[in-house]
1. From Leu171, Leu198, grab the single residue that is closer than 17 Å to Cys121 by Cα, free of Cβ contacts under 8 Å to residues at least 40 places away in the same chain and either open to solvent by 20 Å² or more (accessible area, probe 1.4 Å) or in contact with a Cys (Cβ under 8 Å, 6 or more places away or on another chain) (or both).
2. Return the total of residues in the stretch 30-67 being in a loop (DSSP other than H, G, I, E, B), more than 20 Å from the chain's Cα centre (by Cα) and more than 13 Å from Ala274 (Cα to Cα).
3. Yes or no: the stretch 146-155 includes at least one residue that is without any contact (Cβ under 8 Å) to a residue 24 or more places away in the chain and either small (Gly, Ala, Ser) or outside any helix (DSSP H, G or I) (or both).
4. Could you check how many residues of the stretch 203-225 are out of contact with any Leu (no Cβ under 9 Å at 6 or more places or on another chain), within 15 Å of Tyr83 (Cβ to Cβ) and touching a residue at least 60 places away in the same chain (Cβ under 8 Å)?
5. Picking from Ala15, Ala41, Ala23, Ala34, which residue would you name as being modelled with pLDDT of 95 or more, among the aliphatic types (A, V, I, L, M), open to solvent by 60 Å² or more (accessible area, probe 1.4 Å) and more than 24 Å from Pro237 (Cβ to Cβ)?
6. Filter the stretch 279-296 down to residues that are over 18 Å from Tyr310 (Cα atoms) and without any contact (Cβ under 8 Å) to a residue 60 or more places away in the chain, then give me how many there are.
7. How many residues are outside any strand (DSSP E or B) and surrounded by 23 or more Cβ atoms within 10 Å (Cβ to Cβ) if we restrict to the stretch 232-243?
8. Which of the residues belonging to the stretch 201-231 are assigned to a helix (DSSP H, G or I), open to solvent by less than 20 Å² (accessible area, probe 1.4 Å) and farther than 14 Å from Tyr173 by Cβ?
Amino acid sequence: MSALVDSPSLHATKATHPRQGSAPAAVRHDWTLAEVQVLFALPFNDLLFQAQVVHRAHFDPNEVQVSTLLSIKTGACPEDCKYCPQSARYHTGLETERLMEVEKVLERAREARANGSSRFCMGAAWRNPKERDMPYILRMVEEVRGLGMETCMTLGMLTADQASRLGAAGLDYYNHNLDTSPEFYGDIITTRTYQDRLDTLANVRGAGMKVCSGGIVGMGEQGKDRAGLLMALANLPRHPESVPINMLVKVKGTPMENQQDLDPFEFVRTIAVARIMMPTSHVRLSAGREKMNEQMQAMCFMAGANSIFYGCKLLTTPNPDESTDMQLFKRLGIRPAQRAQKPDGVQEEELLTRVASQPVSGDLFYDASHPKGPRA
């Protein structure tokens with residue numbers, strides 16, 4: 001058993017506010033695969049307990065950061081990521097779209113802000129941004145920040161110069177996932193290397209931006225690959241501020257459309273181990289929530305997830321709509337984290353009224369993949 005697993009700080013409990021009087025778990029960058037596998041092998045209740053203690057040492061356990069993700073340029077990507085419906089190599093029926101106009105992006109950002117999102121994420125299906133697109137991208141960053149929201153972008157690989165220009169424009173976060181372990185990576189993607197991804201993360205850090213980087217599970221990887229992904233993330237010189245953990249969304253026409261489902265408990269374990277290994281990072285319950293029922297999502301929050309994407313779509317794949325998320329938050333006693341610049345009083349009052357007016361179902365659990373009402 002590793003020293004981390006036996007650490008008194010992971011077994012302590014508190015009756016007071018979770019961040020008072022706690023000895024937080026050490027932030028480490030020297031994890032070994034054997035240590036990570038020990039965590040994954042813990043009895044489920046023990047793992048969730050340890051993850052809860054670590055989580056409470058660093059975060060309010062009933063607060064979740066809320067982000068909205070918008071595809072600002074869809075489809076026709078030259079990469080061959082086997083999970084991705086936006087790859088030009090696969091026939092998924094996805095309609096390609098050119099880069100959105102800046103004002104349309106701002107309209108969506110205002111809607112997201114009114115619905116309670118504190119961060120607006122913009123994604124483009126590119127291998128890397130072209131010079132002709134940079135002025136529009138930079139203006140999007142500046143204008144969205146002007147709305148009082150945090151900004152995040154995912155545009156593919158970045159050069160040091162591109163990262164510097166985005167940082168100067170005020171981009172808060174850049175998303176670039178490692179996807180899986182270095183060993184399994186070649187089975188998923190061949191058009192860019194693992195080192196390419198690490199280089200982009202280094203360029204983002206060099207430009208002073210925060211890093212959003214995680215991966216996808218359920219792609220046919222082994223347990224050691226899930227451990228290897230988290231080890232690669234935790235052993236970066238600085239932990240990502242945001243770590244999205246995605247469940248594979250199987251899209252017809254991609255090579256993974258018939259991939260076997262991952263055991264839900266293994267997904268929750270991945271969330272918990274990520275929380276223990278990266279104690280000060282926001283761990284995001286990301287793609288795949290559409291297929292998770294309420295009790296599975298609640299277990300993920302117990303395991304240390306404290307960030308979600310909010311809205312009915314993640315780039316091109318489904319996501320629970322806003323009213324469903326508000327209802328779940330209400331039932332669990334969770335509140336959205338406040339943005340740096342709060343919405344005005346009218347917007348805040350409208351959001352509170354919407355939450356309070358949501359009817360409470362008599363059933364304790366239901367299948368979130370079959371919504372009870374029409375989608376917006």
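1. Working: Leu198 fails: closer than 17 Å to Cys121 by Cα.
Being closer than 17 Å to Cys121 by Cα, free of Cβ contacts under 8 Å to residues at least 40 places away in the same chain and either open to solvent by 20 Å² or more (accessible area, probe 1.4 Å) or in contact with a Cys (Cβ under 8 Å, 6 or more places away or on another chain) (or both) holds for just one of Leu171, Leu198, which is Leu171.
2. First, pick out the residues of the stretch 30-67 that are in a loop (DSSP other than H, G, I, E, B): 30-32, 41-43, 59-62.
Checking the rest, the ones that are also more than 20 Å from the chain's Cα centre (by Cα) come to 30-32, 41-43.
Those left that are additionally more than 13 Å from Ala274 (Cα to Cα): 30, 32, 41-43.
Looking only at that region, the number is 5.
3. Our first condition is that a residue be without any contact (Cβ under 8 Å) to a residue 24 or more places away in the chain; within the stretch 146-155, this holds for 146.
Then keep just the ones that are either small (Gly, Ala, Ser) or outside any helix (DSSP H, G or I) (or both); that gives 146.
Yes - at least one qualifying residue is present in the stretch 146-155.
4. 0
5. Ala41
6. Looking only at that region, the number is 1.
7. Of the residues in the stretch 232-243, the ones outside any strand (DSSP E or B) are 232-241.
Going one step further and asking which of them are surrounded by 23 or more Cβ atoms within 10 Å (Cβ to Cβ), we end up with 233-234, 240.
The total comes to 3.
8. Step one: list which residues in the stretch 201-231 are assigned to a helix (DSSP H, G or I), which gives 201-206, 223-231.
Narrowing the set further to residues that are open to solvent by less than 20 Å² (accessible area, probe 1.4 Å) leaves 201, 204, 225, 227-230.
Passing the criteria: Asp225, Ala227, Gly228, Leu229, Leu230.
The values are calculated or read from the model by the stated rules, or taken from the named source; none is laboratory data. Quick caveat, the model's predicted, so the values are computed rather than measured. Using ideal geometry, Cβ is built from the backbone for each residue, glycine included, and neighbour counts are taken over all protein chains shown. Just the protein is used for accessible areas: all its heavy atoms, side chains included, with ligands, DNA and RNA removed. Shrake-Rupley method; radii C 1.70, N 1.55, O 1.52, S 1.80 Å.
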